[in-house]
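Peer 1: Mind having a look at this structure? Questions to follow.
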């Protein structure tokens, strides 16, 4: 803002106006004005922010009702009014006591009605007066006055020099101030009267109203001139100092302006050519940074890197690397969160709508949301959903994100072998990139997404590093608030991210990594659950994917059950969805070719579309020969049943194991045979048989590797059946491990094994008593057709599993007759 010592906005328009009522005051005019007699009383016009000096002409805007009434009455009479300044400019309607004691007699020169409705009055000051007594307050103030004359002045050389100095300073100020018009200097030069000159300059000084009022009240013209001279001196010094400062910086400003205009022209040319200037790019980055909600250390680091970019030649290779780095920092959601929806009833509805069953998993998720709702800053636990393929582990993450109102992001870890995939590369490397964790957070656009770490059990390692070890920091709630990515070079807070890992098996997960996760088993589905899932989710999804409507195809529960039993063999529903898709495509073909078809697809239509049944459940329904026992196994794709076959042949008591067995199963076979030999008398077996007959244990499907502790009691039962020639009960399966003492130990994967048994039409199942708690977690209506036997000792298993009568088939009798001579 400029500094103007003079304010001529009120008087100069009148000075410049060629008007009959305003010639500049001469000495004769001043003498005539001083000789005029004052009236005894005057209507008083209060002025809020102006002081009127004798001889000076000013325009004033009248807004108060009282003032308008006063002006109209005076304009009809002698046009004489008293003008007095208010003591307090904030008072809207001052009374007599709130006026200054010294005012100026004024004559109304002209009254103008302005276009905006206001009234402007041009007045000229005549003589000063002193207020005496108030005569009236309504409709406007009227008071008695008396003359307020100047002290007689002797114009000596000193006074003349003072007046000359005042003129010179006023002219200097006008020349130094660019905002003061040159006409002001002409007006000052043409003023002849000394008193009018002082009054004119005093009236136009840019000073406080109280200072001007003091000048008006000074009776001595010499003293008033001295005060004006002091004020002008200060103003002139201020202007000279201001001009010195401007002179010092003008060169720099001129250079900056020159550079600015040249840069603007360069930008315009580059934009016309279709490019962008480096300076424009840097400025865009700086403007984007202003809007970020990052911490001070991040902001300081960004500004430092931005300055480094500004110093880099745009043609250099490092320029694009640095630009990409800064854009990544801007794209990352530092302290940017989506608002969580903590309506737990709605969350339960979303989970129930998207997933049938999985009650334990849903209950754990609702528990997590409940704690988060109450505490708000809970460090997110790392959930790990473990189960066979196709049971909905990944889609559960989507449902959680939908229920919470969070962003959803998924990172597939299958086959990841490079540590840099997690932590990123250092910027010094060619082609450096941030890790996939940071890239996924950037893609999500929020610092609190639901983050799915898919197939965490399939992370590999090689000479490039161990990604599972790099995940330790990511999945540790105590450490991931300061996750360090080699590319970003700054700590990023992952504590608000809800990580959900998925895996098919826990055996391949690093123990330290497994310790940081909360394991939730997502077991396979029963046939009843699969039927409901197909009705509620799979069929509608496939109809929509193939352009069919609900009226075009319908599948009854028994038809869906046929598809499940005859065409799929899995714990999840992925293969079931494919088969339903094949059925829907078959119907779509009939519709497109306008062929007749059955809307309510029956079992015969299923075989027509899908072909002959792939799986024959009758294969699993019984054991017709001694030495064959049905066992229950857990695989990475869910539960399954397997047969363990034991046969005897003349020899020297050798044990042969086939079927691609692992070390654990081989040890179980050795333990089973050792236990049977030790307790041969209890099972009515002659001990000499073990030395004269070779034992062969085989598990079919030899091309498939098999290992695990679940086959211990199954092998012992098979051996006992072979040596006693007692057949195993029909529709019976078992699982459990044994010790040399014959104790039955609990095993895992019970639900998957039970589901596999039910698919195979098994009716009775032998389990360790300690596994009874696992059965209680399965819905009762799903296992109502199964009978469970809970055992603690192998003798109980043999008594439950083997029939009392011996095998009577000719082949078995021949084996029996062969054994008898050996016994003798």
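Peer 1: Among the residues in the stretch 166-189, are any surrounded by 14 or more Cβ atoms within 10 Å (Cβ to Cβ) and over 24 Å from residue 51 (Cα atoms)?
Peer 2: Yes, because at least one residue in the stretch 166-189 is surrounded by 14 or more Cβ atoms within 10 Å (Cβ to Cβ) and over 24 Å from residue 51 (Cα atoms).
Peer 1: Ok, one more. Scan the stretch 303-339 for residues that are outside any helix (DSSP H, G or I), surrounded by 16 or more Cβ atoms within 10 Å (Cβ to Cβ) and touching a residue at least 24 places away in the same chain (Cβ under 8 Å) and jot them down.
Peer 2: To start, the set of residues in the stretch 303-339 that are outside any helix (DSSP H, G or I) comprises 312-316, 332-339.
Going one step further and asking which of them are surrounded by 16 or more Cβ atoms within 10 Å (Cβ to Cβ), we end up with 312, 332-334, 338.
Correct list: 332, 333, 334, 338.
Peer 1: Which of the residues spanning the stretch 568-618 are within 21 Å of residue 388 (Cα to Cα), touching a strand residue (DSSP E or B) at 6+ places or on another chain (Cβ under 9 Å) and modelled with pLDDT of 90 or more?
Peer 2: Residue satisfying the conditions is 580 alone.
Peer 1: Cβ contacts < 8 Å: first residue outside the structural domain of residue 461 (by TED's automatic domain parsing) and closer than 18 Å to residue 331 by Cα, restricted to the stretch 422-437; second residue modelled with pLDDT of 85 or more and not in a helix (DSSP H, G or I), any location; separation 6+ or different chain. Result?
Peer 2: Taking only residues 6 or more apart or on different chains, not a single pair turns up.
Peer 1: Only one of (1) at pLDDT 85 or above; (2) surrounded by 14 or more Cβ atoms within 10 Å (Cβ to Cβ) is not met by residue 819, so which one is it?
Peer 2: Here residue 819 clears every test but (1).
Peer 1: Could you tell me which residue of the stretch 420-454 is nearest to residue 487 (Cα to Cα), considering only residues that are over 22 Å from the mean Cα position of the chain (by Cα) and crowded, with 20+ Cβ neighbours inside 10 Å?
Peer 2: Looking at the filtered set, the residue picked out is 420.
Residue-wise test of (1) within 19 Å of residue 335 (Cβ to Cβ); (2) at pLDDT 80 or above; (3) not assigned by TED's automatic domain parsing to the domain that holds residue 431.
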{"residue": "283", "(1), (2), (3)": "no, yes, yes"}
{"residue": "290", "(1), (2), (3)": "yes, yes, yes"}
{"residue": "294", "(1), (2), (3)": "yes, yes, yes"}
{"residue": "299", "(1), (2), (3)": "yes, yes, yes"}
{"residue": "303", "(1), (2), (3)": "yes, yes, yes"}
{"residue": "308", "(1), (2), (3)": "no, yes, yes"}
{"residue": "311", "(1), (2), (3)": "no, yes, yes"}
{"residue": "315", "(1), (2), (3)": "no, no, yes"}
{"residue": "318", "(1), (2), (3)": "no, yes, yes"}
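Peer 1: Mind telling me which of the residues 756, 701 ends up being out of contact with any helix residue (DSSP H, G or I) (no Cβ under 8 Å at 6 or more places or on another chain), outside any helix (DSSP H, G or I) and under 15 Å from residue 632 (Cα atoms)?
Peer 2: Details: 756 fails: outside any helix (DSSP H, G or I).
After applying the criteria, what remains is 701.
Peer 1: Between residues in the stretch 273-294 that are loosely packed, with under 15 Cβ neighbours inside 10 Å and residues that are at pLDDT 70 or above and outside any helix (DSSP H, G or I), which pairs lie under 8 Å by C-beta distance while being six or more apart or on different chains?
Peer 2: Once the first residue is loosely packed, with under 15 Cβ neighbours inside 10 Å and sits in the stretch 273-294, its partners that are at pLDDT 70 or above and outside any helix (DSSP H, G or I) give 293/334; 293/335; 293/336.
Peer 1: How many residues does the stretch 544-561 hold that are in contact (Cβ under 8 Å) with a residue 24 or more places away in the chain, over 35 Å from the mean Cα position of the chain (by Cα) and surrounded by fewer than 21 Cβ atoms within 10 Å (Cβ to Cβ)?
Peer 2: Looking only at the stretch 544-561, we keep the residues that are in contact (Cβ under 8 Å) with a residue 24 or more places away in the chain, and these are 545-548, 551-561.
Those left that are additionally over 35 Å from the mean Cα position of the chain (by Cα): 546-548, 551-561.
From the residues that got through so far, the ones that are surrounded by fewer than 21 Cβ atoms within 10 Å (Cβ to Cβ) too are 546-548, 551-552, 554, 556-559, 561.
Counting residues in the stretch 544-561 that are in contact (Cβ under 8 Å) with a residue 24 or more places away in the chain, over 35 Å from the mean Cα position of the chain (by Cα) and surrounded by fewer than 21 Cβ atoms within 10 Å (Cβ to Cβ) gives 11.
Peer 1: Check 688, 726 and return the single one that is more than 54 Å from the chain's Cα centre (by Cα), modelled with pLDDT under 90 and surrounded by 15 or more Cβ atoms within 10 Å (Cβ to Cβ). Write out each step before concluding.
Peer 2: Values: 688 fails: surrounded by 15 or more Cβ atoms within 10 Å (Cβ to Cβ).
After applying the criteria, what remains is 726.
Peer 1: Scan the stretch 154-174 and give yes if some residue there is part of a strand (DSSP E or B) and in contact with a strand residue (DSSP E or B) (Cβ under 8 Å, 6 or more places away or on another chain), otherwise no.
Peer 2: No, the stretch 154-174 contains no residue that is part of a strand (DSSP E or B) and in contact with a strand residue (DSSP E or B) (Cβ under 8 Å, 6 or more places away or on another chain).
Peer 1: Then there is this: Looking at the stretch 777-795, which of its residues are assigned to a helix (DSSP H, G or I) and either touching a residue at least 24 places away in the same chain (Cβ under 8 Å) or under 12 Å from residue 754 (Cβ atoms) (or both)?
Peer 2: Narrowing the stretch 777-795 to residues assigned to a helix (DSSP H, G or I): 780-782, 794-795.
Scanning the stretch 777-795 gives 781, 782, 794, 795.
Peer 1: With 78, 95 as the choices, which residue is assigned by TED's automatic domain parsing to the domain that holds residue 209 and without any contact (Cβ under 8 Å) to a residue 40 or more places away in the chain?
Peer 2: On the way: 95 fails: without any contact (Cβ under 8 Å) to a residue 40 or more places away in the chain.
Only one candidate qualifies: 78.
Peer 1: Does at least one position in the stretch 514-523 carry a residue that is more than 31 Å from the chain's Cα centre (by Cα) and farther than 15 Å from residue 396 by Cβ?
Peer 2: Residues of the stretch 514-523 more than 31 Å from the chain's Cα centre (by Cα): 523.
Of the ones still in play, those that are also farther than 15 Å from residue 396 by Cβ are none.
Taking every residue of the stretch 514-523 in turn, none turns out to be more than 31 Å from the chain's Cα centre (by Cα) and farther than 15 Å from residue 396 by Cβ.
Peer 1: Oh, and also: Of the conditions (1) within 17 Å of residue 488 (Cβ to Cβ); (2) in contact (Cβ under 8 Å) with a residue 40 or more places away in the chain; (3) under 25 Å from the mean Cα position of the chain (by Cα); (4) part of a helix (DSSP H, G or I), residue 300 fails just one. Which one is it?
Peer 2: (2)
Peer 1: What helices (runs of 4 or more DSSP H) lie completely within the stretch 573-684 and have 2 or more residues being outside the structural domain of residue 762 (by TED's automatic domain parsing)?
Peer 2: Details: elements: 574-592, 603-610, 663-678.
In the stretch 573-684, the matching helices (runs of 4 or more DSSP H) lie at 574-592, 603-610.
Peer 1: In the stretch 785-814, which residues are surrounded by fewer than 16 Cβ atoms within 10 Å (Cβ to Cβ), out of contact with any strand residue (DSSP E or B) (no Cβ under 7 Å at 6 or more places or on another chain) and at pLDDT 80 or above?
Peer 2: 785, 795, 799
Peer 1: Only one of these conditions is not met by residue 77: (1) over 17 Å from residue 42 (Cβ atoms); (2) modelled with pLDDT under 85. Which number is it?
Peer 2: Failing condition for residue 77: (1).
Peer 1: When you look at residue 382, is it within 28 Å of residue 466 (Cα to Cα), more than 20 Å from the chain's Cα centre (by Cα) and surrounded by 15 or more Cβ atoms within 10 Å (Cβ to Cβ), yes or no? Before the answer, list the steps.
Peer 2: Values: within 28 Å of residue 466 (Cα to Cα): yes; more than 20 Å from the chain's Cα centre (by Cα): no; surrounded by 15 or more Cβ atoms within 10 Å (Cβ to Cβ): yes.
Here the answer is no, as residue 382 does not meet what is asked.
Peer 1: Next question, about the same structure. Looking only at the stretch 170-184, which residues are at pLDDT 75 or above and over 13 Å from residue 232 (Cβ atoms)?
Peer 2: Answer for the stretch 170-184, where residues must be at pLDDT 75 or above and over 13 Å from residue 232 (Cβ atoms): just 175.
Peer 1: I would also like to ask the following. Considering only the stretch 342-432, give the helices (runs of 4 or more DSSP H) lying wholly within it that have at least 2 residues that are in contact with a strand residue (DSSP E or B) (Cβ under 8 Å, 6 or more places away or on another chain).
Peer 2: Qualifying helices (runs of 4 or more DSSP H): 359-375, 393-404, 420-423.
The values are calculated or read from the model by the stated rules, or taken from the named source; none is laboratory data. Small disclaimer: the values here were computed from a predicted structure and weren't measured. Methodologically, a virtual Cβ is constructed for each residue, glycine included, from the backbone with ideal geometry; neighbour enumeration extends over all protein chains shown.
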